[in-house]
Amino acid sequence: MEAYVLVLVLVVFAFIIAGLSIRIIRPYEKGLVERLGRYQRTLDSGLNLIIPFFDTVLKVDMREIVLDVPPQLVITKDNVSVEVDCIIYCQVTDPVRARYEIANYIMASSKLAQTNIRNVVGEMDLDQSLSSRDTINAQLRDVLDTATDKWGVKVNRVEIQRIDPPADITEAMSRQMKAERDKRAVILVAEGDRRAAIERAEGSKRSAILEAEGYAEAVQKKADAERYRQIAVAEGEAKAILNVFSAIHEGKPDEELITLKYLDMLPRLADKPANKIFLPFEASGIISALSAMVEGIREDKAQSAPAA
């Protein structure tokens, strides 16, 4: 009976020793083994064995954490008080240094961020701080990452959540933006009116040019038609003259008949608008004599006609 109790005690003791010797480390953790108060080794995720009663395991979370930095009142370069709020994304890269180099790296990182926010934003004026959030984020990340590197902590990202100027500054900025928008609207309307006027002027000019070109083309065609008409008339008259000349030569006329026909043609030639005949003053007597001669010829022919 006593042997049975002893075995049972030994089994229970063995289970207790086994339980104290086994440590399970999760995937996002690292285990720091301290033996009699001295750092011994680092345990990875999974099942690990330690020496019970001598070894102590301290677990360090390796996941990225988010630190919400309390809002800070910062005075800008142009003496405007603004309230700045930001968040920090950081994670442990070296669990040994994060455990033994700093007592509380979370609080230390938060305090360090508050101090550097005042330094970075304090070197900018209000307009620059409001429009340069990416620059502020980058500068804060570089400063914090350099400072926390010796703690085994890496700052991955810093984000400025808000930068709030005083109420009177905000109201003044709102009025300024409204005035700027109104000015841009007036400029756009004026620019639209100017372009519309230019387009109307261009349209009127093109219309006038087309009208002038049409009129010039019409005048040209009219002039060509008139020229062709005059050429045709001249060619017809030339053919008529040739026909008359041929008929006269075929009839073998005497000089008196030729003179009579010539005098008959003079009024017809002068009757054309395009024909102009200039006779010297001295020729009037000759023309009178020729007229008298023609009349005499006609009377002789008239007298001789019944006799025949």
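Number of residues in segment 37-84 that are among the aliphatic types (A, V, I, L, M) and under 20 Å from ILE160 (Cα atoms) equals 10. Could you tell me whether GLN161 is in contact with a Cys (Cβ under 8 Å, 6 or more places away or on another chain), polar (S, T, N, Q) and assigned by TED's automatic domain parsing to the domain that holds SER110? Yes.
What do you reckon, is LEU6 among the aliphatic types (A, V, I, L, M), outside the structural domain of GLY152 (by TED's automatic domain parsing) and assigned to a strand (DSSP E or B)? Criteria not met by LEU6.
On the given criteria, is ILE187 surrounded by 10 or more Cβ atoms within 10 Å (Cβ to Cβ) and either modelled with pLDDT under 90 or assigned to a helix (DSSP H, G or I) (or both)?
The answer is yes for ILE187.
Determine whether segment 212-219 contains at least one residue that is without any contact (Cβ under 8 Å) to a residue 12 or more places away in the chain, among the aromatic types (Phe, Trp, Tyr) and part of a helix (DSSP H, G or I). Yes, segment 212-219 contains at least one residue that is without any contact (Cβ under 8 Å) to a residue 12 or more places away in the chain, among the aromatic types (Phe, Trp, Tyr) and part of a helix (DSSP H, G or I). Taking segment 159-176 as the range and being under 18 Å from SER132 (Cβ atoms), out of contact with any Lys or Arg (no Cβ under 8 Å at 6 or more places or on another chain) and of a type in the set (A, V, I, L, M, F, W, C) as the test, the residues that pass are ILE169, MET173.
Selection of helices (runs of 4 or more DSSP H) fully inside segment 71-162 by the criterion of at least 1 residues being under 41 Å from the mean Cα position of the chain (by Cα) and exposed (fewer than 15 other Cβ atoms within 10 Å of the Cβ) returns 105-122, 126-131, 133-148. Across segment 23-65, the number of residues qualifying as surrounded by fewer than 12 Cβ atoms within 10 Å (Cβ to Cβ) and not in a loop (DSSP other than H, G, I, E, B) comes to 4.
The values are calculated or read from the model by the stated rules, or taken from the named source; none is laboratory data. Predicted model, so just to flag it, every value in this text is computed and none were measured. Using ideal geometry, Cβ is built from the backbone for each residue, glycine included, and neighbour counts are taken over all protein chains shown.
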